[in-house]
Amino acid sequence: MNDLGSMRQTERLTSDEAGLARAADILRRGGLVAFPTETVYGLGADATDAQAVAGIYAAKERPSFNPLISHLDSFESAQRQGVFDEMARRLAEAFWPGPLTLVVPVAPTCTISDLARAGLDSVGLRVPAHPLAHALLQKTGRPVAAPSANRSGRVSPTDADHVLGDLDGRIDAVLDGGSSQVGVESTIIACLGGTPRLLRPGGVPRESIEALIGMRLEAGSEGGKNPLAPGMLASHYAPRARVRLNATSVEADEAVLLFGQEIPKGADAACVTLNLSKNGDLVEAAAHLFSYLRQLDASGAATIAVSPILESGLGEAINDRLRRAAAER
Ligand code: TXA
Ligand code: MG
């Protein structure tokens, strides 16, 4: 199970007791299992086993400087891995289980491998809300490192078919739990002393966090050469097609991603069109984002034109992912 990079048969596991038991068994033996969370599918490995974690980097072809999020079944388990100051504790109590990742100082009792932390003295922790993820973490009984289950630089997967499209033959199994409900990755907040910083907008809107902590969230240094969240490189989440944002008119040979009722000029004649949410509902739009990008990309169009999307609530995370998809590469 551990010979890295080699081809293997990828099992598709069902979301019942037998599937869960099999998934936990593979994880405990050092294998790679993709599993559903409410944000996106994660590619899991035993976070305490450096060789298993190395398998994640190999399967994803991920640059090794990029630290991974470790997933836990409870806040209690998380407190064995990281040090929670007052602010981190309040955030964990309010938003876990859920689409929030906290970057906190490593605890003396931390068992997560250096490799999963990319050698940093901080650690990214998350307690997901998805019932299958929760059951799997309980059965596995260890922190599970899991980045999104796509090849590095590609669009994050929100169902088991997306995972297999990228990773079939490169991982041991995928636990099929249907479509992810939130559709964008977790919000990442660093609590490393001083005021909490937003490293990545995501499934918990900034407004909800600011309401809880009673202050405006400062942004962590994003992009650039030494981003605080090293995964936040400017070009990421890249479909093959070029992505053109804030389109108010489109050409006939473009694929079009709409939002709401405001239809760009020429969209009727475009080769393929999908609407993230006809009602302009940002929650619905987030849930559709990655699978619609994939579908439009698969049409073969050279460019995907995207309608303007509101910046409030989940719109901040949606626009962040779209800007990355549109960045120069
Ligand atoms: O919703 C999600 O967060 C999904 C699901 C599977 O949980 N996971 C996910 O993981 O998006 P990934 O590996 O694609 O993104 C992890 C982000 C990266 O930008 C990484 O740099 C940052 O978290 N990160 C992890 N640990 C960190 C640390 N100690 N310090 C700073 N950034 C960290
Ligand atoms: Mg990712």
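Odds and ends about this structure:
- GNM remark for the chain: springs join alpha carbons under 10 Å apart, and the peak mean-square fluctuation among ARG142, ARG126, ARG244 falls on ARG244.
- For the pair ASN246 and ALA302, label points projected 7 Å from Cα toward Cβ lie 2.4 nm apart.
- Subtracting the Cα-Cα distance of ASP253 and PHE75 from their residue separation scaled by 0.36 nm leaves 59.1 nm.
- Kirkwood radius for segment 59-140, taken over all pairs of different Cα atoms as the inverse mean of 1/r, rounds to 13.1 Å.
- For segment 1-106, GluC sites (Glu not before Pro) meeting the loop criterion (DSSP other than H, G, I, E, B) and having at most 13 other Cβ atoms within 10 Å: GLU61.
- Residue with peak Gaussian network fluctuation, the chain [Cα springs, cutoff 10 Å], from ILE189, ILE56, ILE309: ILE309
- Under the simplified labelling scheme, the ASP16-ARG151 pair shows an inter-label distance of 3.4 nm, with each label point 7 Å from Cα along Cα→Cβ.
- ARG8-ASN66 FRET efficiency (beta carbon distance; Förster radius 25 Å; 0.05 resolution): 0.60
- Hypothetical label at VAL283: residues of segment 296-329 whose amide nitrogen lies under 14 Å (7 Å Cα-Cβ projection): 313-315
- Sequence of CYS191, CYS110, CYS271 once ranked by neighbouring C-beta atoms within 10 Å, starting from the fewest: CYS271, CYS110, CYS191
- Between helix 282-298 and the chain there is an angle of about 80 degrees, using the helix long axis and the longest principal axis of the Cα atoms.
- Among the chymotrypsin sites (Phe, Trp or Tyr not before Pro) in segment 1-104, those placed in a DSSP loop whose Cβ has at most 13 other Cβ atoms within 10 Å are PHE65.
- At R0 = 35 Å, FRET efficiency that the Cβ-Cβ distance of ASP114 and SER312 yields, to 0.05: 0.35
- Using only the C-alpha atoms, the convex hull of segment 11-234 corresponds to 104 Å³ per residue.
- On the basis of the beta-carbon distance and an R0 of 30 Å, ASP168 and CYS271 show a calculated FRET efficiency of 0.60.
- 3J(HN,Hα) couplings calculated from phi for segment 78-92 with the Karplus curve 6.51 cos²θ - 1.76 cosθ + 1.60 (θ = phi - 60°) are, in sequence order, 5, 6, 6, 9, x, 9, 9, 7, 4, 5, 4, 4, 5, 5, 4 Hz; Gly and Pro show x.
Taken together, the values in this text are just the output of simple stated rules run on the coordinates, not laboratory data. Keep in mind that what you see is a predicted model, and the values were worked out from it rather than measured. Quick reminder, even Gly has a Cβ in these numbers, built from the backbone with ideal geometry, and neighbours come from all protein chains shown.
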